[in-house]
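Notes follow the structure.
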Amino acid sequence: MTGDWYRCVDRAIDWVDGRKVRFELASDISSLKQTEKELREHQTALEQKVRERTEKLDEELRQREKTEQKLRESETAIRKKLKALSEPDADLEDLTLSDIIDIDQLQPIMEDFHRITGIANAVIDIDGKVLAGVGWQDICTGFHRSHPEALKNCIESDIELSKDIPKGTFKAYRCKNNLWDMATPIMLGDRRLGNLFIGQYLQKDDEFDKTLFLDQARRYGFDEENTWQPCRVSRLLTKAGSKRSWDFSPDFRR
């Protein structure tokens with residue numbers, strides 16, 4: 001086999017003596033076939049480039065639409081803030097926590113507090129959305145908040161257990177995943193827009209029950225040893241120590 005291509009013509013014709021004879025003609029069309037192959041490959045490559053470019057343009061369009069939507073939302077939020085700040089009789093009921101705080105300025109303060117104390121902290125709105133935070137324990141980010149049911153406990157703790165804290169005070173509570181948090185409300189007038197949290201620690205004053213965390217691991221399908229290890233490195237504070245840590249955070253509560 002040579003791998004060459006031929007076009008063959010085969011027909012019966014009348015010969016000079018009246019007989020029917022078979023006539024065959026073979027033409028080498030290898031170069032034509034090679035050209036057709038190259039054309040197909042070029043077409044396939046071109047179609048692939050067109051698809052890739054179309055997908056890129058579609059993604060760019062989606063990103064542009066997202067950016068434009070964020071700009072519209074940002075403009076609306078800014079107008080709302082300006083109105084609330086400039087008009088004494090403006091309606092403040094529609095303002096949310098994200099409308100009135102500057103996350104870019106708040107985040108460095110939170111990071112400084114964490115760097116000094118080693119204690120995690122976060123600002124969370126009344127819907128349980130984390131707006132800013134730093135230093136969360138591995139057991140929270142790697143386990144509790146990675147499982148839907150355990151995450152539900154986190155959000156319920158952030159919302160339910162932190163309700164009804166008087167303005168200007170704080171409350172220490174054990175979350176539904178068995179770590180301690182402290183919270184104080186962030187107020188706009190008489191409205192609570194969210195809470196400032198510090199915590200995700202274990203209290204030295206309590207008798208620590210390792211089985212609570214092992215039971216959680218089995219319930220949610222976590223590896224028991226890997227779940228227990230982050231508990232061992234969780235911040236340990238006495239009740240008095242946690243109170244001093246809270247008193248050390250005036251910039252947060254200003």
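Only the coordinates and a few stated rules stand behind these numbers; no lab work does. A quick note: this is a predicted structure, and the numbers were derived from the prediction, not measured. Neighbour counts are summed over all protein chains in view; Cβ atoms, including those assigned to glycine, are modelled from backbone coordinates with ideal geometry.
Quick one: S31, S162, S157, fewest Cβ neighbours within 10 Å first, how do they rank? Spell out each step's value before the answer.
Values: S31 10, S162 25, S157 21.
Going from least to most buried by this count: S31, S157, S162.
Taking θ as phi - 60° and the Karplus parameters 6.51, -1.76 and 1.60, the scalar couplings of the range 184-193 work out to 9, x, 9, 10, 10, x, 9, 9, 8, 9 Hz in sequence order, x denoting glycine and proline.
Taking the number of other C-beta atoms within 10 Å as the exposure measure, put D164, D181 in order starting with the fewest.
Details: D164 9, D181 24.
Result, fewest neighbours first: D164, D181.
From least to most packed, judged by other beta carbons within 10 angstrom and beginning with the fewest, I186, I116, I155 follow the order I116, I155, I186.
If the limit is 32 Å between Cα atoms, which of K70/K176; K83/K129; K66/K176 go over it?
Correct reply: K70/K176; K66/K176.
A convex hull fitted around the alpha carbon atoms of the range 1-139 yields 342 Å³ per residue.
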